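**Q** Pasting in a structure now, in C-alpha cells, and then I'll have a few things to ask.
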C-alpha cells in the first residue's frame, strides 16, 4: 500500500489551480473559435460557452432552451448554400 509520504509530488498539485488553468485554456479556445467562425461568416451568437456542473440539471436545461431560442431567432444559416447565392 502506498502511503502519503511516498507520493510527495501530489502536494504540488492544487486542484483549484488546475481547474482554473483548465477554465482559462477552455475560454481561450472558445475566443479563438469565435474569431475563426466570424472569419467564415458565422454569427457569434451561434456559439456559447457555459460551465455547468453535473448536479445542475435545471441550469443545463435552461441554457439549452435559451440557446435554441436564440438560434431560431437568427434563422437558418445561409453561408455556402443555395439560399445565400440567391439572396
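**Q** On a full-extension model of 0.36 nm per residue, what is the gain between residue 51 and residue 77, subtracting their alpha-carbon distance, rounded to one decimal in nm?
**A** Going from the current span to full extension adds 6.8 nm.
**Q** Given the Cα-Cα distance of residue 68 and residue 29 and 0.36 nm per residue of separation, how much length would full extension add, in nm?
**A** The residue 68-residue 29 span can extend by a further 11.8 nm.
Bear in mind these aren't lab numbers, they're just calculated from the coordinates by the rules spelled out. This one's a predicted model, so the numbers in the text were calculated from it and none came from an experiment.
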